[in-house]
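Notes for the one structure printed next.
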Amino acid sequence: MPEGPGAAAVQGRCPTLERMSECTLTDEDFMRLALAEARAAGRAGEVPVGAVVVKDGRVIATGRNAPIDGFDPTAHAEIKALRAAAQALGNYRLDGCTLYVTLEPCAMCSGAMLHARLARVVFGASDPKTGAAGSVLDLFGLAQLNHQTVVQGGVLASAAADLLRGFFKERRVNPHPLREDALRTPDERFADLPGYAWQPRYLSDLPALDGWRMHYLDEGASAEGTAQPGLTWLCLHGNPAWSYLYRKMIPVLLAGGGRVVAPDLIGFGRSDKPKKDAAHTFAWHRQVLLEFIERLDLNNVVLVVQDWGGLLGLTLPMEAPGRYRGLLVMNTTVATGETPLSPGFLAWRTMCAQNPEFDVARLFARGNPQLSAAECAAYNAPFPDRGHRAALRAFPALVPEHRGDDGADVSRRARAFWSSDWRGQSLMAIGQLDPVLGEPVMRELHASIRGCPEPMLLPQAGHFVQEHGEAVAEAAVRHFTP
Ligand SMILES: [Zn+2]
């Protein structure tokens, strides 16, 4: 029998498990075990349906609904319980068995029960949408099928129905439940931030997100549906910033008639924060971005990148070049693992390792004396305590340093793409005061971007070029608008 609450409940209910046939357990008792399986499915984020298979008064198998977790459209509670029962008996025929399930079985499960020659099926709530035991159709009532399974419905029906109702209500009220291994920065910390009044939007159901809630901005005319599709500016931030970094550029890009999409990487901004540093990998963040772009079906994209926005973002267009029209690249790099990381970057990595609690607001204040105290504080907003800072600890060490590192190979492919295959327009803006990814690093990158004109130089700007972004955005609108 598979381990599960059902098994434990049987043992708790009847201490003489081996002699269960002498216990007088009723249909309702067994349905309670199926309900325990259903609740376990619901806790795992699956539609709460549970089943148990009983032979000679003994539970021989349990099953709970799990199609999401198993990437398996057939992983209904009944199928899982039938499989486990057949394994337990060493026989695909379940003669003399009764299956208890909290919800009326569908056609697939009913068919499987008939194939298994199940003696009896007992269900809880009826399912007016897909029930195949009388609600939509009655597979068990077809006299032409040569095996007959006895059907009984309505056992603890209201308990099963309440469970389903509660589950779907919770989904509507809280469409992005927090994973157990995640933290979520309280909304209050993002209230009234200077220059950042856009509506928060969230996604958590991309396959790579697996429930992690990702925040993004999506402002301006949608590229869809208009005769003359405008540009979509896809703005990617780096470490330790978030979409707040683009607040000076966004109004200029919107005024130019475009749409602006700016996600917060998982671990940053208003996106969920993994508790564990090890949750962060180059490949995972890249995959999330690829799926994000597909889900929003972004086209006519000008990719806007800086720092990690570029380390990750510059590896994206080669996977779907038709979606991209332009590249606006600010202080960043492509880390192929072939050339040593710059001394400035190594110093930054050492600083992060030695001062894991460094003050993000002070970092911004140092490099950007023009910022107000409130603007600097906005960069601390995502990180109320050490627990929320896993990304800040993890990211510096994730920059591919050696040929075999996570992300190095894909970065080499990306470099080849930019130097040989890129057909879009490009614009580079360099913050010259950046000690980490400044002009020497950017000149190298410039040489590997096909058709990139002479860079725009910003002598007052440091690493966070976007803090001088109005002029960059104005130049970009002129450069990329057809
Ligand atoms: Zn089913």
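The values are calculated or read from the model by the stated rules, or taken from the named source; none is laboratory data. Just so it is clear, the model here is predicted, and its values are computed rather than measured. Glycine gets a Cβ as well: all are built from the backbone with ideal geometry, and neighbour counts include every protein chain shown.
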Just to be sure I understand the filter: pairs with C-beta atoms under 8 Å, separated by 6 or more residues or on different chains, first member in region 93-121 and more than 17 Å from Arg58 (Cβ to Cβ), second member among the acidic types (Asp, Glu) and outside any helix (DSSP H, G or I). Which pairs pass?
Leu103/Asp127; Glu104/Asp127; Cys106/Asp127; Arg117/Asp95
Looking for whichever is in a helix (DSSP H, G or I) and under 30 Å from Lys273 (Cβ atoms) here; the options are Ala394, Ala416. Which one fits?
Ala394
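Name the strands (runs of 3 or more DSSP E) wholly inside region 190-277 in which the number of residues that are in contact with a Lys or Arg (Cβ under 9 Å, 6 or more places away or on another chain) and of a type in the set (Ser, Thr, Tyr) is 1 or more.
Details: elements: 201-203, 214-220, 232-236, 259-263.
Because the criterion is at least 1 residues that are in contact with a Lys or Arg (Cβ under 9 Å, 6 or more places away or on another chain) and of a type in the set (Ser, Thr, Tyr), the strands (runs of 3 or more DSSP E) in region 190-277 that meet it are 201-203, 214-220, 232-236.
Taking region 320-335 as the search range and keeping residues that are in a strand (DSSP E or B) and over 24 Å from the mean Cα position of the chain (by Cα), which one is nearest to Gln425 (Cα to Cα)?
Just the residues of region 320-335 that are in a strand (DSSP E or B), to begin with: 324-329.
Filter once more, so that each one left must be over 24 Å from the mean Cα position of the chain (by Cα): 325-329.
Details: Arg325: 7, Gly326: 5, Leu327: 6, Leu328: 9, Val329: 11 Å.
By that ranking, first place goes to Gly326.
Sort through Asp264, Asp297 and tell me the only one that's out of contact with any strand residue (DSSP E or B) (no Cβ under 6 Å at 6 or more places or on another chain) and either modelled with pLDDT of 95 or more or at positive phi (or both). Let's see the steps before the verdict.
Values: Asp264 fails: out of contact with any strand residue (DSSP E or B) (no Cβ under 6 Å at 6 or more places or on another chain).
Just a single option satisfies the conditions, and that option is Asp297.
Which one is nearest to Ile449 (Cα to Cα) among residues in region 413-430 that are without any contact (Cβ under 8 Å) to a residue 60 or more places away in the chain and touching a Lys or Arg at 6+ places or on another chain (Cβ under 7 Å)? Reasoning before the result, please.
Pass one, region 413-430, residues without any contact (Cβ under 8 Å) to a residue 60 or more places away in the chain: 416, 419-420.
Now narrow it down to the ones that are touching a Lys or Arg at 6+ places or on another chain (Cβ under 7 Å): 419-420.
Details: Ser419: 5, Ser420: 8 Å.
Filtering region 413-430 for residues that are without any contact (Cβ under 8 Å) to a residue 60 or more places away in the chain and touching a Lys or Arg at 6+ places or on another chain (Cβ under 7 Å), the one nearest to Ile449 (Cα to Cα) comes out as Ser419.
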Does region 39-52 contain at least one residue that is at pLDDT 95 or above and farther than 23 Å from Ala157 by Cβ?
no
Answer yes if at least one residue in region 178-201 is at pLDDT below 95 and touching a Gly at 6+ places or on another chain (Cβ under 6 Å), and no otherwise.
yes
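Is it the case that region 153-174 has a residue that's more than 15 Å from the ligand (Cβ to nearest atom) and part of a strand (DSSP E or B)?
no
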Going by what's in this entry, would Thr281 be described as of a type in the set (S, T, N, Q), in contact (Cβ under 8 Å) with a residue 12 or more places away in the chain and within 30 Å of Phe358 (Cβ to Cβ)?
yes
Here are some conditions: (1) more than 14 Å from Leu245 (Cβ to Cβ); (2) crowded, with 17+ Cβ neighbours inside 10 Å. Thr332 meets all but one. Which one does it not meet?
(1)
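Do the conditions hold for Asn380, that is, is it without any contact (Cβ under 8 Å) to a residue 60 or more places away in the chain and polar (S, T, N, Q)? Reasoning before the result, please.
Working: without any contact (Cβ under 8 Å) to a residue 60 or more places away in the chain: yes; polar (S, T, N, Q): yes.
Yes; evaluated as a whole, the condition is true for this residue.
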Would you point out which residue out of Gly322, Gly257, Gly238 is in contact with a Gly (Cβ under 6 Å, 6 or more places away or on another chain), over 16 Å from Arg201 (Cβ atoms) and either surrounded by fewer than 18 Cβ atoms within 10 Å (Cβ to Cβ) or without any contact (Cβ under 8 Å) to a residue 60 or more places away in the chain (or both)?
Gly257
In region 434-482, how many residues are outside any loop (DSSP other than H, G, I, E, B), surrounded by 22 or more Cβ atoms within 10 Å (Cβ to Cβ) and of a type in the set (D, E, K, R)?
1
Any residue at all in region 111-129 that is surrounded by 14 or more Cβ atoms within 10 Å (Cβ to Cβ), part of a helix (DSSP H, G or I) and either more than 16 Å from the ligand (Cβ to nearest atom) or over 38 Å from the mean Cα position of the chain (by Cα) (or both)?
yes
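If we keep just the residues of region 38-48 that are touching a residue at least 60 places away in the same chain (Cβ under 8 Å) and on the phi < 0 side of the Ramachandran plot, which is farthest from the ligand (Cβ to nearest atom)? Step through it out loud before you land on a result.
Taking region 38-48 and keeping what is touching a residue at least 60 places away in the same chain (Cβ under 8 Å), we get 38-39, 42, 45, 47-48.
Now restrict to residues that are on the phi < 0 side of the Ramachandran plot: 38-39, 42, 47-48.
On the way: Ala38: 13, Arg39: 18, Gly42: 16, Val47: 11, Pro48: 14 Å.
Filtering first and then ranking leaves Arg39.
Scan Ala84, Ala125 and give me the residue that is of a type in the set (A, V, I, L, M), within 22 Å of Glu46 (Cα to Cα) and touching a Leu at 6+ places or on another chain (Cβ under 6 Å). Even if it seems obvious, please write down each step before you answer.
Values: Ala84 fails: touching a Leu at 6+ places or on another chain (Cβ under 6 Å).
Residue meeting the stated conditions: Ala125.
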Please determine, by comparing only the residues of region 57-104 that are part of a loop (DSSP other than H, G, I, E, B), within 31 Å of the chain's Cα centre (by Cα) and within 15 Å of the ligand (Cβ to nearest atom), which one is surrounded by the fewest Cβ atoms within 10 Å (Cβ to Cβ).
Pro73
Criterion (on the phi > 0 side of the Ramachandran plot and of a type in the set (A, V, I, L, M)) met by exactly one of Leu156, Leu139:
Leu156
Being crowded, with 24+ Cβ neighbours inside 10 Å and closer than 16 Å to Leu118 by Cα is the filter here, so list the residues in region 43-56 that pass it.
Ala51, Val52, Val53, Val54
